[in-house]
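What follows is a short report on a single structure.
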Protein chains: 2
Amino acid sequence: MIDHNARITIVGLGLLGGSYAKGFHAAGYRNLAGIDINEDAINEALAQGLICEGGSDPSLVRDSDIVISALYPHAFPAWVKENQKYFKPGCFLSDVTGVKREVIRQVREVLRDDVVFTACHPMAGREYKGLAYADEKRFHAANYIVVPDEKAPAEGIETAKEIGEILQFKHIAVLSPEEHDAMIAFLSQLTHVIAVALMNTKDNTHLAEYTGDSFRDLTRIAVINEDLWPELFIMNKDYLIREIDAFVEEMLAFRKLVEEEDAEGMKQKMIISTERRKKFTKQ
Amino acid sequence: MIDHNARITIVGLGLLGGSYAKGFHAAGYRNLAGIDINEDAINEALAQGLICEGGSDPSLVRDSDIVISALYPHAFPAWVKENQKYFKPGCFLSDVTGVKREVIRQVREVLRDDVVFTACHPMAGREYKGLAYADEKRFHAANYIVVPDEKAPAEGIETAKEIGEILQFKHIAVLSPEEHDAMIAFLSQLTHVIAVALMNTKDNTHLAEYTGDSFRDLTRIAVINEDLWPELFIMNKDYLIREIDAFVEEMLAFRKLVEEEDAEGMKQKMIISTERRKKFTKQ
């Protein structure tokens, strides 16, 4: 298990980085540092006693045994390139980004050989930003995916899993970058595109008083972090477009059944959707 | 208010008809009758004391002051045509169907002039069928829409509203058949088509273990009554197709932004979706 005296530095004390700090702290880790260009976040984390050292200076990462980047996907590789000169040889590096193939490619392109890097995706994002919304308890109901590429050594995969255990994620899994990105394209990205598109179709807000739970449930994720998601979509563009195309094709197939008043054809689709959806019911 | 001794007959003791019987019963109405071809449903309703008389014989409707059809949309007009010979002159007739223009047209085509008909839509359907799932308490959180056509007299609209009050619906509104069907096409029918299509895109049930709440929320309504919904879609075909087309167009517009890596364009869509969706948040 990771030594309780290990120096753990979290880069970016926002929603996820803040939750990591709170989770490590709750597990008894006290040698935590935070780096953020937002002074308020650092001061708040220091005031709460979550970190023992913090600031905007990247050289604070020096002496860290574990470095967790909770930066946005485009910022993470750039930060590594600029600041890995401060990394302690042999340190462990991970991240929290929601797309993996492109992020890992960009990081590997610049990363020093003596850094142990294994990518991770804690699936506990939400629509709010900032340390104020950080809550490590959300991890207890969430999935944590370790996403090793072919250069990730066995020890890195083990450390990544241990972090998921320390933070008490409900379910820890290992997927390849390709498997991860394909899964995310369907389960997360396509569904967000659907919710955003549905709300953009036209201004139907005058219908709000008639809305039932079905519509509310389906569009909850139309409230979305508009700074983060375009990046995620662009970095997973090929897989996401593949999913959009398959979905639109299916929408048009269903439209044809309506147009042709093919009740039996619709019924068959509904039997399939009912059966498949039941397998997704929470265990 | 409707007299507590009024004879109220419910035709079809399924999920909604059964909830009506339970709701009237809870409000102190005891002169209730039920008509259903399913003997078990009648026996169960009699055993529970919900109705004082019941059976499969349509002539049971004789002497009723109020007749509520809880039949499927295609069955309601046919049942009226066949059995209105038993209706007491001046009786009040209503229904529970989820589409209105076509149902009202078909009923008016055959209906006797001395029957007071006002269509209603209790928006409290769900994926299960049958009396066993009937629960009048679901009405207390639901919308009840009175949908008068130009032939519905003022007294009929009043009686329809009173029924909504007796059953303790949360919100009672009046819409024209056109307004109702347009609202339903967007808020309910399109969303069900989306959920069904998403589950039909391909068999992704192997991803169930990675599923988060977003996907679960969005696809909850993919578990659907496959006997009822094709009818509803076909009877509202023109409006539903208009909504599908607008939505698919918006999906393709978003796809183009992804393809062109237009982060700013996506961001604008997300700002709109976030703003609009907030107006749909439950009061």
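The table for this structure:
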| item | result |
| --- | --- |
| Some residue of the stretch B:65-84 being assigned by TED's automatic domain parsing to the domain that holds B:A47, charged (D, E, K, R) and under 19 Å from B:L167 (Cβ atoms) | yes |
| Filter result (in contact with a strand residue (DSSP E or B) (Cβ under 8 Å, 6 or more places away or on another chain) and under 21 Å from A:P177 (Cα atoms)) within the stretch A:136-153 | A:A142, A:N143, A:Y144, A:I145, A:V146, A:V147, A:P148, A:D149, A:K151, A:A152, A:P153 |
| Hits in the stretch A:1-51 - residues which are among the β-branched types (V, I, T) and either surrounded by 15 or more Cβ atoms within 10 Å (Cβ to Cβ) or in contact with a Cys (Cβ under 9 Å, 6 or more places away or on another chain) (or both) | A:I2, A:I8, A:T9, A:I10, A:V11, A:I35, A:I42, A:I51 |
| Per-region count, the stretch B:1-31, residues part of a loop (DSSP other than H, G, I, E, B), aliphatic (A, V, I, L, M) and either under 17 Å from B:T159 (Cβ atoms) or modelled with pLDDT under 95 (or both) | 4 |
| Among the candidates A:M266, A:M235, residue that is in contact with a helix residue (DSSP H, G or I) (Cβ under 7 Å, 6 or more places away or on another chain) and touching a residue at least 60 places away in the same chain (Cβ under 8 Å) | A:M235 |
| Matching option when the condition is over 19 Å from A:T211 (Cβ atoms), out of contact with any Pro (no Cβ under 9 Å at 6 or more places or on another chain), assigned to a helix (DSSP H, G or I) and of a type in the set (G, A, S), among B:A208, B:A246 | B:A208 |
| Residues satisfying the stated conditions in the stretch A:199-209, i.e. surrounded by fewer than 21 Cβ atoms within 10 Å (Cβ to Cβ) and either in contact (Cβ under 8 Å) with a residue 12 or more places away in the chain or not β-branched (V, I, T) (or both) | A:K202, A:D203, A:N204, A:H206, A:L207, A:A208, A:E209 |
| The one condition in (1) among the acidic types (D, E); (2) surrounded by fewer than 22 Cβ atoms within 10 Å (Cβ to Cβ); (3) in a helix (DSSP H, G or I) that B:D227 fails to fulfil | (3) |
| Residue count for the stretch B:159-192, restricted to those that are charged (D, E, K, R) and under 14 Å from the mean Cα position of the chain (by Cα) | 1 |
| Residues that are under 19 Å from the mean Cα position of the chain (by Cα) and facing another protein chain (nearest Cβ under 7 Å), drawn from the stretch B:232-250 | B:F233, B:I234, B:K237, B:L240 |
| Residues of the stretch A:156-178 satisfying the condition of being under 20 Å from A:Y20 (Cβ atoms) and assigned to a helix (DSSP H, G or I) | A:G156, A:I157, A:E158, A:T159, A:A160, A:K161, A:E162, A:I163, A:G164, A:E165, A:I166 |
| Yes/no for B:T281 being modelled with pLDDT under 95, buried (at least 22 other Cβ atoms within 10 Å of the Cβ) and within 23 Å of the chain's Cα centre (by Cα) | no |
| Complete set of residues in the stretch B:95-119 that are under 21 Å from B:A182 (Cα atoms) and out of contact with any Phe, Trp or Tyr (no Cβ under 7 Å at 6 or more places or on another chain) | B:V96, B:G98, B:V99, B:K100, B:R101, B:E102, B:I104, B:R105, B:Q106, B:R108, B:T118, B:A119 |
| Enumeration of residues in the stretch A:63-107 that are touching a Lys or Arg at 6+ places or on another chain (Cβ under 6 Å) and closer than 16 Å to A:I157 by Cα | A:D65 |
| Members of the stretch B:174-204 that are within 7 Å of another protein chain (Cβ to nearest Cβ) and either touching an Asp or Glu at 6+ places or on another chain (Cβ under 8 Å) or over 18 Å from A:I194 (Cα atoms) (or both) | B:M183, B:F186, B:A197, B:L198, B:N200, B:T201, B:D203 |
| Output for the stretch A:211-224, where each listed residue is facing another protein chain (nearest Cβ under 7 Å) and in a helix (DSSP H, G or I) | A:S214, A:F215, A:R216, A:D217, A:L218, A:T219, A:R220, A:I221, A:A222 |
| Which listed residue, of A:K170, A:K161, is without any contact (Cβ under 8 Å) to a residue 60 or more places away in the chain, surrounded by fewer than 20 Cβ atoms within 10 Å (Cβ to Cβ) and closer than 13 Å to A:M123 by Cα | A:K170 |
| Condition check for A:A253: more than 7 Å from every other protein chain (Cβ to nearest Cβ) and of a type in the set (A, V, I, L, M) | yes |
| Residue that is nearest to B:E44 (Cα to Cα) [pool: residues in the stretch B:115-135 that are surrounded by 20 or more Cβ atoms within 10 Å (Cβ to Cβ) and at pLDDT below 95] | B:L131 |
| Inter-residue pairs, beta-carbon under 8 Å, first aliphatic (A, V, I, L, M) and in the stretch B:238-257, second outside any helix (DSSP H, G or I), 6+ apart | B:A246/A:K202 |
| Search result, residues across the stretch A:100-131 that are away from every other protein chain (no Cβ under 14 Å), touching a residue at least 60 places away in the same chain (Cβ under 8 Å) and not basic (K, R) | A:V103, A:I104, A:G130, A:L131 |
| Candidate set: the stretch B:256-277, residues that are among the polar types (S, T, N, Q) and facing another protein chain (nearest Cβ under 7 Å); chosen: the one surrounded by the fewest Cβ atoms within 10 Å (Cβ to Cβ) | B:T274 |
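The values are calculated or read from the model by the stated rules, or taken from the named source; none is laboratory data. Just so it is clear, the model here is predicted, and its values are computed rather than measured. Please note: Cβ atoms are built from the backbone with ideal geometry, for glycine as well, and neighbour counts cover all protein chains shown.
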